[in-house]
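Quick notes on the structure that follows.
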Amino acid sequence: MVLTKRQKVALHEAMLAYLLNQGEEFAQAAAAFRKNAGITKQISAAELRKQALQRKWTGVIRLQKKVMELEAEVAKLTTDLDKFGGASRMKAALERTNYLPHAAKYTLKGHRQQVLSVAFHPLFSLMASCSEDCMIKIWDYDTGELEQTLRGHTNVVQHVAFSSNGKHLASSSADLTTKLWLLESGKFECAKTLTGHDHNVSCVEFMPSGDFLLTCSRDTTIKMWEVATGYCVKTLTGHTAWVRDLAVNKPGTILASCGDDHVVRLWNVAKGESTMTLYGHEHVVNAVAFSSGPADVGIAECLLKQSGGKVSTLKKPKDAEKPQGGLHLVSCARDKKVIVWSVKTGDIIFTLIGHDSWVRAVQFHPLGPFVISVSEDKTIRTWSMQTGRPCHKLTDCHQHFITSLAVHPSVPLIATGSVDTTAVIWECR
């Protein structure tokens, strides 16, 4: 232990006080210690004890003052978080009826080739993007600054995803591998490389628990991996062509997948079996996503209105209820269509037509009854689940095709990636 001179003197005096306080039994030891410690002052045991007590209470007061200062700082930070943080913005967003992508906040430049996937961190103000340049970049979406560049893949990085607790980032690549990156001391470091697919790994998603990882590939399979060990614990087969995208419902019980065989498949995760095949698209299906709670409410309201209140299987939720989402699924394809499906029956609820080119990505918005889609026609379109119709459109959002979309789970922001090598953060108002 390294002590300052003052701390050593105080410690020696306290030790001498203890020895003197023991009486004649330690008198010789006290005298020897006084000599060896170089304590020349002739101070009685009572005075030494008094000084030690004073130091004790002085220390308590200093600690109490420090605690009060820290409590005040925590209170200030809590106030700032409520005022400027995600919870406040989410609450404000929920109170709006017209919560739509509005304006570009930042254009993120740094990739050398097209951006193929973007993802928001669930807790921190970070966003990840990946590209054909084999790199992953981590950005601060509050400032637009580049925080870190992750290198390790040797071919195109197809997809990135964060775990629900934010500790891991996963990336899938055309180099046939999936990499797990661990967040430590504010930086991501490669923790594991998962190998097992025989072709391009096109998508990676975490299970809601964060204990397992799902990947899909051009080898037509879907694999489940254990995050802790990196072992493949399950392989799902059923698609007859390239599997392009995956989505998992919030409880982690149902998996949806899509691909070049023009179908969407639903899977029982526990059994590893396909439970339903959804037919409706006429071309390659690029993406799938499960519904949010507000979207389920909006769809229920729309169906009840259309049926004149006669729909018995889907009633409007009460205000006190908080739907968890997952009752519906949305898919988009190269046939320019966006289709909303019932997960329970497999029926088509809405077919949303309006894009002029391939629809590359689609998401239900977590804060409102909307579906957001992006397309190679360079537009971002928002569709109302209360009417099944388009309600907002942003045109010429990028200089080239839009390839990817991410919607923040709690902050009114979306992100898009493009062939023009940029990613853009969009504010929703």
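Bear in mind that the values in this text are calculations on the coordinates, not laboratory data. Since this is a predicted model, take the numbers as computed values, not measurements. All Cβ positions, even for glycine, are placed from backbone atoms using ideal geometry, and neighbour counts span all protein chains on display.
Of all the options Thr237, Thr220, Thr403, the one that moves most in a Gaussian network model of the chain with Cα springs shorter than 10 angstrom is Thr237.
The angle separating the long axis of helix 5-21 from the principal Cα axis of greatest extent in the chain is about 60 degrees.
Angle between the Cα long axis of helix 86-95 and the longest principal axis of the chain, 0 to 90 degrees, nearest 10? Once rounded, one gets 40 degrees.
Structure remark: mean-square fluctuation, Gaussian network model of the chain, C-alpha springs under 10 Å; the largest value among Arg360, Arg334, Arg112 belongs to Arg112. Against the chain, whose longest principal axis comes from its Cα atoms, helix 45-84 is set at around 20 degrees.
Taking other Cβ atoms within 10 Å as a rough exposure proxy, Trp242, Trp181 sort from fewest to most as Trp242, Trp181. The packing ranking of peptides 66-72, 13-19, 294-300, highest mean first, is 294-300, 13-19, 66-72, where packing means the average number of other beta carbon atoms within 10 angstrom of each residue.
Treat the count of other C-beta atoms within 10 Å as a stand-in for reagent exposure and order Thr4, Thr177, Thr416 from fewest to most.
Thr4, Thr177, Thr416
The listed peptides 184-196, 149-161, ordered by packing as a protection proxy, come out as 149-161, 184-196 (highest mean of other Cβ atoms within 10 Å first). With neighbours defined as other Cβ atoms within 10 Å of a residue's Cβ, the residues Tyr279, Tyr106 order from fewest to most as Tyr279, Tyr106. Considering only His281, Thr416, Phe33, and ranking their Cα positions along the charge dipole of the chain that arises from unit charges at the beta-carbon of Lys, Arg, Asp and Glu, the one farthest toward the positive end is Phe33. Placing +1 on the Cβ of every Lys and Arg and -1 on the Cβ of every Asp and Glu, with nothing else charged, gives region 99-428 a dipole about its Cα centre of roughly 700 debye. Relative contact order, whole percent, for region 190-308 stands at 17, derived from Cα pairs under 8 Å and 6 or more residues apart.
Separation of region 201-223 and region 229-288, taken as the distance between their Cα centroids, equals 10 angstrom.
Per DSSP H run of n ≥ 4, the term is -39500 (n - 2.57); total these for the chain, divide by its residue number, and report the mean residue ellipticity at 222 nm rounded to 500 deg cm²/dmol.
One gets -7500 deg cm²/dmol as the mean residue ellipticity at 222 nm.
Residue-wise HN-Hα couplings along region 265-282, as the Karplus relation 6.51 cos²θ - 1.76 cosθ + 1.60 with θ = phi - 60° gives them from phi, are 10, 10, 10, 7, 5, 4, 8, x, 10, 6, 9, 7, 10, 9, 10, x, 8, 10 Hz; Gly and Pro carry x.
Potential lengthening of the chain between Lys187 and Cys232 amounts to 13.6 nm, from the contour at 0.36 nm per residue minus the alpha-carbon distance. Both radii are taken from the alpha-carbon atoms of region 329-398; with Rh as the Kirkwood radius, Rg/Rh is 0.95. Just Ser404, Ser342, Ser331 to compare: in a GNM of the chain, with alpha carbon springs under 10 Å, which one fluctuates most? In this elastic network of the chain, the residue with the biggest mean-square fluctuation among Ser404, Ser342, Ser331 is Ser342. Under the criterion of Cα pairs below 8 Å and six or more residues apart, the relative contact order for region 98-246 equals 14 percent.
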